[in-house]
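Provided herewith is a single structure, encoded as structure tokens, for subsequent inquiry.
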Amino acid sequence: MQAQHDNLALSVTALTKDYPGVRAVDNVSFGIERNTVHCLVGENGAGKSTIVKMLTGALEPTSGSMAILGSDYSPRSTQDARQGGIGTLFQELHVVDQLTVLENLTLGMEKSRFGFLIKSDLEDRVTQTLAAIAPSIDPSARCSTLSVAQKQIVEIARAASSGASIIIMDEPTAALSEREVQRLFGVIRRLKTANVTVIYISHKLDEIFELGDNVTVMRDGKHIATKPLTEVNGRPELIEMMVGRSISHDYVPRPGVRDKVVMSVDNLSNDLLKNVSFDVKEGEIVGFYGLVGAGKTEVARAIFGADKAEGVVNFNGHSKMTSPKQAIEKGIALVPEERRTQGLFTELTIRRNIPIMNIGRLATLGVFRPERERSVAREFVKKLGIATHSIEKYAEKLSGGNQQKVVLSKCLYADADMLLLDEPTRGVDVGAKSEIYDVIKDLANDGKSIAIFSSELEEVLGICDRVFLMYDGEIRQEIENGSDIDINTILNVVTGGGSRDNV
């Protein structure tokens, strides 16, 4: 049952956000009670992040309204949100390691006159706030000496001392140990007693039930339910509300998978990964599925040599790669999640991008051959169906799907036998997705081995021969595709339920 209007810290009414051709948030209405921990849950792409961006002034709603303590709230910037009493703790920390705790607490809130800082009661106020939340943290300590959990507490203290009556926490425990999580929960409970309302976003459903008072469930941009957690019948009911539909997975078994194992990974471990072990066969497409913070990207980066990790990685007789350069030389290529910043030279043309990972092949006796560069670019434009009128078109001018095809072309020209594809269709339209899937299948049928790291369940079930379910840096279960698939069981595993079943 909804709380009475006068007890609401924040309310949204008919909130809608449209992008060209896409409605990210669709007529959403719900209220958040004062001095509670209100949890916001939903699958990837459910609309949670868009709502948070509207609440924090980073995005302007297309229509609808918001209110804080019953008064109209229409932020035009993040500064407006802070002045309105909303603080935000993001998954990525925003402390400056080179500054002290006290300097971080006051950063951006200093008083000045004629361009000069002036003394105020700010330092006393933030120090008192920190002492009330975490007295063990020394205000004079440099933030570089603090743990991740302590840095998060500094950010919470900063938000609380700024006068925030509502603090939004987006996946705050993604990088924390179990002990640090419990310390953070203690801080959150103390905030409630200090008349602070917490909006808590997490894919870890056990945390939701342990910490939350109420929950709002989002699905496909729509509001599904808002209710006290005491009225939710455990994980099964919450998962059912989050999914609420059948996940289509038109997987067709492929004859191209050989018995030969080309990559074996044993006990891959670092600060985020825990004894990850699996193998990949020649011509096989394997998928890694999990929610935010599960460790999918970290597995790809560790195999590629971009991040340090313990354990054994063997690829076609070669031992673990210690750098991306070595991985490329041995036949492994990574298509990164952030294609614009990590996968492409957006200010270069298609012609210049495609051969760049193996540019030595364009030379004869040390002499660069421009005609060979043009020939290679035209070959891959045709092979992957890159929509362009010219190979001289700049990469930044291409659509998302065509940019992704250019990145794939780079990896193929590098003569890679193992492709690591991190979120390969993120941000591309349905038509381009289908084209990219066809390219991936064709590559596998030609004997390339492919690992897809995706937060889209339909994607991995539609194209992958085997799927590894990840949670909290571990492979919790392996699924042989083509068998009976229980979507609720998958969601239960990747949100922390079920037992470990490493295969």
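The values are calculated or read from the model by the stated rules, or taken from the named source; none is laboratory data. The model shown is predicted, which means the values in this text are computed figures rather than measured ones. When we count neighbours, we look across all protein chains shown, and the Cβ atoms used for this are built from the backbone with ideal geometry, even at glycine.
Every residue in the range 127-164 that is among the polar types (S, T, N, Q), out of contact with any Ser or Thr (no Cβ under 6 Å at 6 or more places or on another chain), in contact (Cβ under 8 Å) with a residue 40 or more places away in the chain and farther than 21 Å from residue 192 by Cβ, please. Give the steps one after another, and end with the answer.
At the first step, the residues of the range 127-164 found to be among the polar types (S, T, N, Q) are 127-129, 136, 140, 144-145, 147, 150, 152, 161-162.
From what's left, out of contact with any Ser or Thr (no Cβ under 6 Å at 6 or more places or on another chain): 127-128, 136, 144-145, 147, 150, 152, 162.
Checking the rest, the ones that are also in contact (Cβ under 8 Å) with a residue 40 or more places away in the chain come to 144, 152, 162.
Of everything in the range 127-164, just one residue is among the polar types (S, T, N, Q), out of contact with any Ser or Thr (no Cβ under 6 Å at 6 or more places or on another chain), in contact (Cβ under 8 Å) with a residue 40 or more places away in the chain and farther than 21 Å from residue 192 by Cβ, namely 144.
Another question, if that's okay. Report yes if some residue within the range 284-299 is part of a loop (DSSP other than H, G, I, E, B) and free of Cβ contacts under 8 Å to residues at least 60 places away in the same chain; otherwise report no. Walk me through how you get there before you give the answer.
Here is the first cut: in the range 284-299, the residues part of a loop (DSSP other than H, G, I, E, B) are 284, 290-295.
From what is left, the residues that are free of Cβ contacts under 8 Å to residues at least 60 places away in the same chain are none.
No: the range 284-299 contains no residue that is part of a loop (DSSP other than H, G, I, E, B) and free of Cβ contacts under 8 Å to residues at least 60 places away in the same chain.
Quick check on the range 63-107: of everything there that is surrounded by 15 or more Cβ atoms within 10 Å (Cβ to Cβ) and hydroxyl-bearing (Ser, Thr, Tyr), which residue is nearest to residue 12 (Cα to Cα)?
It comes out as 73.
Look through 352, 254 and report the one residue that is in the same structural domain as residue 415 (by TED's automatic domain parsing), among the charged types (D, E, K, R), closer than 30 Å to residue 377 by Cα and over 19 Å from the mean Cα position of the chain (by Cα). Steps first, answer last, please.
Working: 254 fails: in the same structural domain as residue 415 (by TED's automatic domain parsing).
So the residue among 352, 254 that is in the same structural domain as residue 415 (by TED's automatic domain parsing), among the charged types (D, E, K, R), closer than 30 Å to residue 377 by Cα and over 19 Å from the mean Cα position of the chain (by Cα) is 352.
Within the range 377-420, restricting attention to residues that are of a type in the set (Phe, Trp, Tyr) and in contact with a Leu (Cβ under 8 Å, 6 or more places away or on another chain), which residue is nearest to residue 263 (Cα to Cα)? Before the answer, list the steps.
If we filter the range 377-420 for residues that are of a type in the set (Phe, Trp, Tyr), which is where we start, we get 380, 394, 413.
Retained after the next criterion (residues that are in contact with a Leu (Cβ under 8 Å, 6 or more places away or on another chain)): 380, 394.
On the way: 380: 27, 394: 36 Å.
The selected residue is 380.
Then there's this: Out of all the residues in the range 342-399, which are polar (S, T, N, Q) and closer than 14 Å to residue 412 by Cα? It would help to see each step written out before you state the result.
Going through the range 342-399, the residues polar (S, T, N, Q) turn out to be 342, 346, 349, 353, 358, 364, 375, 388, 390, 399.
Hits for the range 342-399 are 353, 358.
Yes/no matrix, rows are residues, columns are (1) more than 18 Å from residue 303 (Cβ to Cβ); (2) in the same structural domain as residue 441 (by TED's automatic domain parsing); (3) of a type in the set (Val, Ile, Thr); (4) surrounded by 20 or more Cβ atoms within 10 Å (Cβ to Cβ):
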position: 326; (1), (2), (3), (4): no, yes, no, no
position: 330; (1), (2), (3), (4): no, yes, no, no
position: 337; (1), (2), (3), (4): no, yes, no, yes
position: 366; (1), (2), (3), (4): yes, yes, no, no
position: 369; (1), (2), (3), (4): yes, yes, no, no
position: 403; (1), (2), (3), (4): yes, yes, no, yes
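Still on this structure, I have one more. Please enumerate the residues belonging to the range 423-482 that are of a type in the set (A, V, I, L, M) and in a strand (DSSP E or B). Step through it out loud before you land on a result.
Initial filter on the range 423-482 (of a type in the set (A, V, I, L, M)): 428, 430, 432, 436, 439-440, 443-444, 450-452, 457, 460-461, 463, 467, 469-470, 475, 479.
Listed by number, the residues that qualify are 450, 451, 452, 467, 469, 470, 475, 479.
Sticking with this structure for a sec: Given the criterion among the β-branched types (Val, Ile, Thr), within 24 Å of the chain's Cα centre (by Cα) and within 26 Å of residue 42 (Cα to Cα), identify the matching residue among 485, 463. Steps first, please.
Numbers: 485 fails: within 24 Å of the chain's Cα centre (by Cα).
Step by step, each of 485, 463 is checked, and only 463 is among the β-branched types (Val, Ile, Thr), within 24 Å of the chain's Cα centre (by Cα) and within 26 Å of residue 42 (Cα to Cα).
Let me ask something else about it. Do we have residue 382 as under 30 Å from the mean Cα position of the chain (by Cα), exposed (fewer than 14 other Cβ atoms within 10 Å of the Cβ), of a type in the set (Lys, Arg) and over 25 Å from residue 327 (Cβ atoms) here? Steps first, please.
Working: under 30 Å from the mean Cα position of the chain (by Cα): no; exposed (fewer than 14 other Cβ atoms within 10 Å of the Cβ): yes; of a type in the set (Lys, Arg): yes; over 25 Å from residue 327 (Cβ atoms): yes.
Spelling it out, it is not the case that residue 382 is under 30 Å from the mean Cα position of the chain (by Cα), exposed (fewer than 14 other Cβ atoms within 10 Å of the Cβ), of a type in the set (Lys, Arg) and over 25 Å from residue 327 (Cβ atoms).
Conditions (1) at pLDDT 85 or above; (2) hydrophobic (A, V, I, L, M, F, W, C); (3) on the phi < 0 side of the Ramachandran plot; (4) surrounded by 17 or more Cβ atoms within 10 Å (Cβ to Cβ), marked per residue:
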| residue | (1), (2), (3), (4) |
| --- | --- |
| 248 | no, no, yes, no |
| 263 | yes, yes, yes, yes |
| 271 | yes, no, yes, no |
| 289 | yes, no, yes, yes |
| 293 | no, no, no, yes |
| 314 | yes, no, yes, no |
| 318 | no, no, yes, no |
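Go through the range 9-47 and count every residue that is surrounded by 19 or more Cβ atoms within 10 Å (Cβ to Cβ) and over 22 Å from residue 187 (Cα atoms).
So the answer is 13.
Then there's this: Scan the range 260-283 for residues that are touching a residue at least 60 places away in the same chain (Cβ under 8 Å) and polar (S, T, N, Q) and jot them down.
275, 277, listed by residue number.
Given the conditions (1) under 29 Å from the mean Cα position of the chain (by Cα); (2) more than 19 Å from residue 268 (Cβ to Cβ); (3) small (Gly, Ala, Ser), report the number of the one that residue 377 does not fulfil.
(1) is the only condition that residue 377 fails.
Can you go through 315, 304 and tell me which one is touching a residue at least 24 places away in the same chain (Cβ under 8 Å) and either under 23 Å from the mean Cα position of the chain (by Cα) or not assigned by TED's automatic domain parsing to the domain that holds residue 271 (or both)?
Details: 315 fails: either under 23 Å from the mean Cα position of the chain (by Cα) or not assigned by TED's automatic domain parsing to the domain that holds residue 271 (or both).
The conditions single out 304.
Can you name every residue in the range 151-168 that is under 15 Å from residue 127 (Cβ atoms) and in a strand (DSSP E or B)?
The answer is none; no residue qualifies.
Would you be able to say whether some residue in the range 417-430 is more than 18 Å from the chain's Cα centre (by Cα), modelled with pLDDT of 85 or more, surrounded by 21 or more Cβ atoms within 10 Å (Cβ to Cβ) and assigned by TED's automatic domain parsing to the domain that holds residue 342? Spell out the reasoning first.
Applying the first criterion (more than 18 Å from the chain's Cα centre (by Cα)) to the range 417-430 yields 417-419, 429-430.
This time we only want the ones that are modelled with pLDDT of 85 or more, so: 417-419.
Filter once more, keeping what is surrounded by 21 or more Cβ atoms within 10 Å (Cβ to Cβ): 418-419.
If we keep only those that are assigned by TED's automatic domain parsing to the domain that holds residue 342 as well, we get 418-419.
For the range 417-430, residues more than 18 Å from the chain's Cα centre (by Cα), modelled with pLDDT of 85 or more, surrounded by 21 or more Cβ atoms within 10 Å (Cβ to Cβ) and assigned by TED's automatic domain parsing to the domain that holds residue 342: present.
Right, something else. What's the number of the only condition in (1) surrounded by fewer than 16 Cβ atoms within 10 Å (Cβ to Cβ); (2) more than 26 Å from residue 330 (Cβ to Cβ); (3) modelled with pLDDT of 85 or more that residue 447 fails to meet?
For residue 447, the failing item is (2).
Take the residues in the range 1-53 that are part of a loop (DSSP other than H, G, I, E, B) and hydrophobic (A, V, I, L, M, F, W, C); name whichever of them is modelled with the lowest pLDDT. Steps first, please.
Going through the range 1-53, the residues part of a loop (DSSP other than H, G, I, E, B) turn out to be 1-4, 20-21, 34-36, 42-47.
This time we only want the ones that are hydrophobic (A, V, I, L, M, F, W, C), so: 1, 3, 46.
Values: 1: 40, 3: 44, 46: 81.
Result: 1.
Would you mention how many residues in the range 430-482 are of a type in the set (A, V, I, L, M, F, W, C) and more than 14 Å from residue 285 (Cα to Cα)?
To start, the set of residues in the range 430-482 that are of a type in the set (A, V, I, L, M, F, W, C) comprises 430, 432, 436, 439-440, 443-444, 450-453, 457, 460-461, 463-464, 467-470, 475, 479.
Within this subset, residues satisfying the condition of being more than 14 Å from residue 285 (Cα to Cα) are 430, 432, 457, 469-470, 475.
Of the residues in that region, 6 qualify.
I need the full set of residues from the range 340-392 which are free of Cβ contacts under 8 Å to residues at least 12 places away in the same chain and aromatic (Phe, Trp, Tyr), in order please.
Scanning the range 340-392 gives a single hit, 368.
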